[in-house]
Protein chains: 2
Amino acid sequence: MPGVVRSVGQDGTRSASIRAAALELFARHGYEATTMADIGAAVGMRGPSLYKHVASKQDILARIMVGTMDALLDAHRVALLGVDDVTVALRRATEAHVRYHARHRLEAFVGNREIRGLTEGHRRAVLRRRASYENGFRQLITRGTEQDRFHVPSIRLASYAILDLGMGVANWYREDGELSEDQIVWHYGDLALRIAGATG
Amino acid sequence: MPGVVRSVGQDGTRSASIRAAALELFARHGYEATTMADIGAAVGMRGPSLYKHVASKQDILARIMVGTMDALLDAHRVALLGVDDVTVALRRATEAHVRYHARHRLEAFVGNREIRGLTEGHRRAVLRRRASYENGFRQLITRGTEQDRFHVPSIRLASYAILDLGMGVANWYREDGELSEDQIVWHYGDLALRIAGATG
């Protein structure tokens, strides 16, 4: 049924456009100052047709923030597939983290500042994913410490520090900047191993 | 003239209360979504008396953001007073940076997200100070590299990484958390030296 397929495709495209426009507006003006009418105007849609695609402004924010964490968790999982050596694992996990933040700066910016804009259930969903993501780094550092490969004054602080490096990249990285995405990703992988006090 | 002194004191206190209330509101709702009426309500003042103390919402934001950078620049300067050794200097500058961010989380949060809310002249004033602050760290790392005390793949990335660590602290630090401010400050000083590849 090509008609149905096309209609699903159009709906997916529309939803993606709405999400992209909302992300841009949330980043520029803040979630609270952005209205559904602003989002509709940005994609050329009026209220009734807009609401066919999204339930509410809160629904869009939740999708953006939960989606961002799911994408990070997925990138982390893929980075570690088939990797045994803990030093290689920490390097790869950091590279995936930094690359995501270089490529998704608006998601990182909005995700960082609008946690208070989420209703309770959505906030819990995001915080659960964040804890799980942070825990992935903490487990790597714990494992490296147990194997006497990493040496840190505090496992928790080392994992926070590595995560904060990536989030910083989202603040200052520009495609036309002095350093390429690959250079930054590679160097930050090195810095993560330094933070972990990696030896051998 | 005690009367005059008291009146100056009250004005200073009032301005400080307005600034504190605005900071809280900007952090919670965003600059754009906050109105002067909201700020007035938070300090129990109506429009006319509020405008005796501050010219505009933009004026408050500019004072917060310029004031934050001036405080950071001052803390940096004080941390380096009389310090010759470049390793000690980088440790102290990082400690001052991290301590400021642990103690001024709202300023850091608003300073990070509302740069777009500033008018052109104010934005330039903030960006000039940011560049100068970042340059302080870059100069330290350059000096350490020239003395063969620091070893980094990129001076620019190492300075960004150290700065981002401090800004991360503003996101997650809590007074009642597992680690004290001093522990975090001390550990992050260590991490900065690791990032710089400090030897000797």
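The values are calculated or read from the model by the stated rules, or taken from the named source; none is laboratory data. Bear in mind that the values here come from a model prediction, so they are computed numbers and not experimental data. Note: ideal-geometry Cβ built from the backbone for every residue, glycine included; neighbour counts use all protein chains shown.
Could you look through the stretch A:18-42, keep only residues that are aliphatic (A, V, I, L, M) and at the interface with another protein chain (Cβ under 10 Å from one of its Cβ atoms), and pick out the one that is nearest to the chain's Cα centre (by Cα)? Let's see the steps before the verdict.
Pass one, the stretch A:18-42, residues aliphatic (A, V, I, L, M): A:18, A:20-23, A:25, A:27, A:33, A:36-37, A:39, A:41-42.
Those left that are additionally at the interface with another protein chain (Cβ under 10 Å from one of its Cβ atoms): A:27, A:33.
Values: A:A27: 14, A:A33: 23 Å.
The extreme case among them is A:A27.
Taking (1) within 26 Å of B:V110 (Cα to Cα); (2) part of a helix (DSSP H, G or I) in turn, A:A33 satisfies each apart from (2). For B:A102, the conditions (1) among the small types (G, A, S); (2) crowded, with 18+ Cβ neighbours inside 10 Å; (3) farther than 30 Å from A:W186 by Cα are fulfilled apart from (3). Residues in the stretch A:128-157 that are away from chain B (no Cβ under 12 Å), closer than 24 Å to A:D70 by Cα and among the small types (G, A, S): A:S132, A:G136.
Of all the numbered requirements in (1) within 14 Å of B:I162 (Cβ to Cβ); (2) without any contact (Cβ under 8 Å) to a residue 12 or more places away in the chain; (3) charged (D, E, K, R), B:R92 misses one, and that requirement is (2).
Quick one: in the stretch A:158-200, which of the residues that are at the interface with chain B (Cβ under 10 Å from one of its Cβ atoms) and of a type in the set (V, I, T) is farthest from B:V98 (Cα to Cα)? Here the residue is A:I184. If you go through the stretch A:24-44 and keep only what is of a type outside the set (F, W, Y) and either touching a Leu at 6+ places or on another chain (Cβ under 7 Å) or in contact (Cβ under 8 Å) with a residue 60 or more places away in the chain (or both), you end up with A:E24, A:A27, A:G30, A:E32, A:T34, A:M36, A:D38, A:I39, A:G40, A:A42.
Looking at the stretch B:52-169, what helices (runs of 4 or more DSSP H) fall wholly within it and have at least 3 residues that are polar (S, T, N, Q)? Give the derivation first.
Numbers: elements: B:57-80, B:86-103, B:105-113, B:120-146.
Answer list for the stretch B:52-169: B:120-146.
Within the stretch B:43-78, if we keep just the residues that are among the polar types (S, T, N, Q), over 16 Å from the mean Cα position of the chain (by Cα) and modelled with pLDDT of 90 or more, the residue that is farthest from B:R91 (Cα to Cα) turns out to be B:S56.
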